[in-house]
Amino acid sequence: MWYPVAISGDVTDKKPKGIRRLGEELVLWRDLDGNVVCQGARCPHKGAWLGDGRMKGNAIECPYHGFLFNPEGKCTLTPAMGRDARIPGSLKVPVYPVREKHGLIWVWWGDDRPESELPEIIAPREIKENDRVYDTISWNKPVHYTRYIESVQEFYHVTYVHRDHWLNWLDFMFLYGTKKKFGLDGKENYLKATMIHNHHVETDDDGMTFRYSFDHGEEDNPERSIHYVITFSFPCMVHVETEAFATTSWFSPIDDDHTEHIFRVYEFPQLKPILRHEKLRRAMSTLQCYLEKYVQDPQDYKIMARQEPRISGGGVNKFIPVDEMNAKFIKTRARLLREARERREGVVGAAELSDGMVGDLDMATDEAGSGQPDQRPAAAETKRRAPARSNGRSRNGSHANGNGSANGNANANGNGHGSANGNGNGNGRAKGNGEAVPAAEEVEGWSEDRAAARS
Ligand code: FES
Ligand SMILES: [Fe+2]
């Protein structure tokens, strides 16, 4: 599956950008044609971090001894050996398939296939057909991405979580305040908006996008509600749309404990006639981005930081009917993980494996001089490989499987009971909930795989 890993504008041709995503150290840079390159960030020589390196012609230069690596990952210069030295083939960095689309950089995390056989990036119409001006920023938090996604997929937490900061007044006034009272009744109305009415979840044909529409408002005055449509696309996108605003979040997994939140705010349609200049409208989006980063997100984080278990999955929640979107996400993710594991086990059985050692002294060698990284399946690699991992290592751990993300013990503490919901709904809208969460054991194997990969 394609994962968004960075904002396009954050990767320039001036210097490399080192990041950690899906449990791996990666480095992003642009070649002389402006195309993005994504490579493993550990120099095969002595493990320096290429994120601290420099650009040199059409190559990245290691900050330690100046070895150069071209876009194919091949080492093209070892200065200490001179320009004419024969360079061992194993001096290479893994290269990952990468694309640039929708203002983001996407990395393919899955089974190895030729570029032409890679699928399209999953993007719903809300992203593909969106020509509004926007700004995008990102930050990270020590939260697993499943918990982040669960949080943004619903809106009935807002009344309880986003209420005490003085800047929350902006939301109170503009979203919930009435014109008659100049918005000053906003907080009062906001605190009364505790109910979700008319909720409904639809699934796109490909089964990878869910669209959740509902009204958020007062229990006794359902007509005083705000209509929301929240769209989720795998692996990690949540788009929120109301009459007043539209935002998109991508929750890019850094590892089992951290998430990069890539956040986009679109221009406010109401401001278009007033703010003629695109720059001004973008500046409003920028302001909203910072409000999210410094006001709303810390409020969400305060809750998520103490949530247990830290990773969501089958059997860990007790959903209520209005959590249908959450339940669909958890259930489908568990299925994707299971399918990926099955595929990987099939591949592992057939693979011809070696232990990956290159000699007693870990000298650079000519082994596999193709310049392409070693992409053997994870489980086998970790079982058979000696502890001293050498060059040519590329994808260890979990991401050799197709979908479902490299991080995620989907049910680290599975409590053994399966579907955690279906508890009475009172309005006959339990559809989707009773069947929403898979049994814990369906995803437990993933945790075991992770444990094996780490041992
Ligand atoms: S560690 Fe990179 S060149 Fe030596
Ligand atoms: Fe929130």
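Values quoted throughout were computed directly from the atomic coordinates according to the rules given, and no laboratory measurement underlies them. All values reported here derive from a predicted model rather than from experimental measurement. Cβ: placed from backbone, ideal geometry, glycine included. Neighbour counts: every protein chain shown.
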For this session: For region 159-167, take each phi angle, set θ = phi - 60°, evaluate the Karplus expression 6.51 cos²θ - 1.76 cosθ + 1.60, and give the result in whole Hz per residue in order, putting x for glycine and proline.
Result: 4, 9, 9, 9, 9, 10, 7, 4, 6
Seminar exercise, completed: Given backbone amide H placed at 1.01 Å from N, residues whose amide H is under 5 Å from that of ARG20, ignoring those fewer than 5 places away on the same chain, are LEU26
Problem set entry | Under-5 Å amide H pairs with ASP185, H placed in peptide plane, nonlocal only | THR178
For this session: Pick out, in residue order, every one of the trypsin sites (Lys or Arg not before Pro) in region 266-303 that is DSSP loop and has at most 10 other C-beta atoms within 10 Å; say none if there are none.
Result: ARG276
Exercise. Once phi is turned into ³J(HN,Hα) by the Karplus curve 6.51 cos²θ - 1.76 cosθ + 1.60 with θ = phi - 60°, what whole-Hz value does each residue of region 90-100 show in order, with x for glycine and proline?
Worked result: 7, 7, 8, 10, x, 10, 10, x, 9, 9, 10
Problem set entry | Nonlocal amide H pairs with HIS162, under 5 Å, H built at 1.01 Å | none
For this session: Could you run the Karplus curve 6.51 cos²θ - 1.76 cosθ + 1.60 with θ = phi - 60° over region 109-121 and give me ³J(HN,Hα) per residue in whole Hz, x for Gly and Pro?
Result: 10, x, 5, 7, 9, x, 3, 5, 9, 6, x, 6, 5
Exercise. Lysines within cross-link reach of LYS15: Cα-Cα under 25 Å, excluding same-chain residues under 8 positions apart?
Worked result: LYS46, LYS56, LYS74, LYS92, LYS101, LYS141
Exercise. Most exposed first by the Cβ proxy, i.e. fewest other Cβ within 10 Å, how do LEU118, LEU22, LEU77 rank?
Worked result: LEU118, LEU77, LEU22
Exercise. For VAL95, VAL265, what ranking results if the residue with the fewest other Cβ atoms within 10 Å of its Cβ goes first?
Worked result: VAL95, VAL265
Exercise. Zone of LYS14 (label point 7 Å along Cα→Cβ, backbone N under 13 Å): which residues in region 43-63?
Worked result: 55
Problem set entry | Cα-based reach from LYS179 at 19 Å (exclusive), listing lysines while leaving out same-chain residues under 8 positions away | LYS187, LYS192
Exercise. Say each of ASP131 and ALA80 gets a label point 7 Å from the Cα, pointing the same way as Cα to Cβ; how far apart are those two points in nm?
Worked result: 5.7 nm
For this session: Report the residues of region 263-283 in range of a label on TRP139: point 7 Å along Cα→C-beta, backbone N strictly under 16 Å from it.
Result: 263-265
Exercise. What translational diffusion coefficient, in µm²/s and rounded to a whole number, does the Stokes-Einstein relation yield for region 1-79 at 20 °C and a viscosity of 1.002 mPa s, taking the hydrodynamic radius as the Kirkwood radius over Cα pairs?
Worked result: 172 µm²/s
For this session: Obtain the radius of gyration and the Kirkwood radius of region 125-307 from its C-alpha atoms and give Rg over Rh.
Result: 0.95
For this session: Evaluate the distance, in nm, between pseudo-label points positioned 7 Å from the Cα of GLU223 and of ASP257 along their respective Cα→Cβ axes.
Result: 5.4 nm
Problem set entry | Ascending count of other beta-carbon atoms within 10 Å, so fewest first, for TYR145, TYR266, TYR156 | TYR156, TYR266, TYR145
